[in-house]
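Below is one structure, written out as structure tokens, with a few remarks after it.
The values are calculated or read from the model by the stated rules, or taken from the named source; none is laboratory data. The structure presented is a predicted model; accordingly, all values stated were derived computationally and were not measured. Every residue, glycine as well, gets a Cβ built from its backbone with ideal geometry; the counts of neighbours run over all protein chains shown. Heads up: the accessible areas ignore ligands, DNA and RNA and are worked out on the full protein's heavy atoms, side chains in. Shrake-Rupley method; radii C 1.70, N 1.55, O 1.52, S 1.80 Å.
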Amino acid sequence: MKGFTIKNIKVILMIVTLGGFLFGYNSSIINGAILMLSESSSFYLSKSEVGIIVSILPLAAMIGAILFGKITDLFGRKKVITFISLMFIISILVISASNSVFQLILGRFGLGFSIGAINTVVPIYIAEISNENNRGKMVMTNQVMLVFSQFIAYLVNYIFYYLNISWRYMFLIAIIPSIIIFIGSFFIPETVNKRNIKKEYQRLRKEFHIISKFEKNKRRFSIFIPGILLGITHQFTGINIIMYYSSYIFSSIGFKNEKSFFINIILGFVSLVGVLISFKIIESYERKTILLIGLEGCSMSLFLIILLNSFLNEEKYYIYMVALFIIVFVFCFQAFVGGVIWLLISEIFPEKIRGIGMGLSSAALWFSNFLSSLIFPMIISEYGLGVALILFFTVTTISIPYIKYLKNTRGISLKDLEKATLNE
């Protein structure tokens, strides 16, 4: 087996997209676990502790994205995937064995760090083993796995809550795909020239002044701005507020916990249908056209929820209409926004700075995620759902004009996209 390398592209894709599965499952399982933790005799969580436990993951993911954006350019994709999968295993074990809020926060930090890192390197890796004709679908496969794992997480939430199974096992399940990607990472091929990585990285620092001479070369730094703005847009639609807090939201407007978990299963199923539609259309239409449709749908859904909350919150059908528009919002995001943004970020940077570019964009995404998930439970508790959603509606709406100025990337090789970027 020494020196054996997997060459079947489908097998390679199956292994690396388990990174997307780990991302989706580990970030969404907290949705139900928070309610179970709050009811546990071992934990008495305040609103601020809930916010910290949830938001520490995106904060750590931001750090992981920044660090591994550089590291993946320096050491290559393959070794980084191996290391990150090991981090997942350790973090999952820490959370599953937690007996205090501090241990939970520590484990969630490790989990977030791993998620930020894996979601930086995997889209790059997939884009680099693809060609211009199938790159969209190949990268979108990671998003399909991510959303599928969210659906699995919601099923696990419902089943474990209904059967009164410990929340610890909800987290421990994720160790299985972590072990698979860890073992598989030893046999996947590298996608960059390992002999010249270190030399190229030093040349990159000198030529682009990205790290040590950032202030002296702001024009070169502007190459990262589109990706950073895309990352901010991704999170300030409010998608992960729904993914993290939907059980909490539904409970706050009048649904019982068991019904909240059941609606989450519907959300997970709708998400899966949406991302499969995205997979189907991604090579048929321009990325930004699909993205614009999605953002307009998300904006309208949020606006209708805000109106319901402001004027019709005493009506009998209020909670069902809110649930309906949340489902519509999630469908619009998963079908037309989520995976498209990750795909665009993986396409728009030149090869030598693709890792750093993906890292900075992911960091912006995760920092936005951290801010929104930290303050959301406090805002909804103090002012209600409508006020909590106004910020996301505003950012989603004002991002639409910017998207119209993005370049078309469909059907263009990464090398040609790189030439066009560097010649600007």
Subject >> GNM top mover of Glu132, Glu286, Glu382 - the chain, alpha-carbon springs below 10 Å >> reply: Glu382
Original post:
If the label point is 7 Å along Cα→Cβ of Ser46, which residues in segment 99-116 have backbone nitrogen under 20 Å from it?
Top reply: 99-106
Subject >> Net length gained if the chain between Leu86 and Met321 were fully extended (0.36 nm per residue, minus Cα distance) >> reply: 80.3 nm
Original post:
Can you pull the accessible area of Arg410 for me, 1.4 Å probe, Å² to the nearest 10?
Top reply: 80 Å²
Original post:
Under the definition of Cα pairs under 8 Å and six or more residues apart, what whole-number percent is the relative contact order of segment 1-148?
Top reply: 38 percent
**OP:** Give the relative contact order (percent, whole number) for the chain; include only Cα pairs under 8 Å separated by 6+ residues.
**Re:** 27 percent
Subject >> Phe160 - accessible surface, heavy atoms, 1.4 Å probe, Å² rounded to 10 >> reply: 30 Å²
Original post:
Among Gly184, Gly231, Gly69, which one moves the most in a GNM of the chain with springs linking Cα atoms closer than 10 Å?
Top reply: Gly184
Original post:
Once label points are set 7 Å from the Cα along Cα→Cβ at both Thr191 and Lys280, what is their separation, rounded to one decimal in nm?
Top reply: 2.7 nm
Original post:
Angle between the Cα long axis of helix 318-336 and the longest principal axis of the chain, 0 to 90 degrees, nearest 10?
Top reply: 10 degrees
Original post:
Helix 239-252 versus the longest principal axis of the chain: what is the Cα-based angle in degrees, 0 to 90, to the nearest 10?
Top reply: 10 degrees
**OP:** Mind giving me the nanometre distance, one decimal, between the label points for Ile390 and Met378, set 7 Å out from Cα along Cα→Cβ?
**Re:** 1.8 nm
Subject >> Distance in nm between pseudo-label sites at Ile159 and Lys404 (7 Å out along the Cβ direction from Cα) >> reply: 4.8 nm
Original post:
Looking at this model, which pairs from Lys79/Lys280; Lys7/Lys79; Lys10/Lys288; Lys78/Lys288; Lys70/Lys137; Lys79/Lys407 are more than 21 angstrom apart at the alpha-carbon?
Top reply: Lys79/Lys280; Lys10/Lys288; Lys78/Lys288; Lys70/Lys137; Lys79/Lys407
Original post:
Say we join alpha carbon atoms closer than 10 Å with springs in a Gaussian network model of the chain; which of Ser260, Ser114, Ser27 then has the biggest fluctuation?
Top reply: Ser260
Subject >> Residues with amide H under 5 Å from that of Gly76, placed H, sequence gap 5 or more >> reply: none
**OP:** Please work out the C-alpha center-to-center distance from segment 45-92 to segment 163-185 and express it in whole Å.
**Re:** 17 Å
Original post:
Does anyone have the angle between helix 225-236 and the longest principal axis of the chain? Alpha-carbon axes, 0 to 90°, nearest 10?
Top reply: 20 degrees
**OP:** Kindly state, to the nearest 0.05, the FRET efficiency for Ile183 paired with Asn131, given R0 = 30 Å and r defined as their beta-carbon distance.
**Re:** 0.60
**OP:** For an R0 of 45 angstrom, estimate the FRET efficiency from the Cβ-Cβ distance between Ser222 and Ile9 and round to the nearest 0.05.
**Re:** 0.80
Original post:
Can you put Met378, Met138, Met14 in order of accessible area, largest first, using a 1.4 Å probe?
Top reply: Met14, Met378, Met138
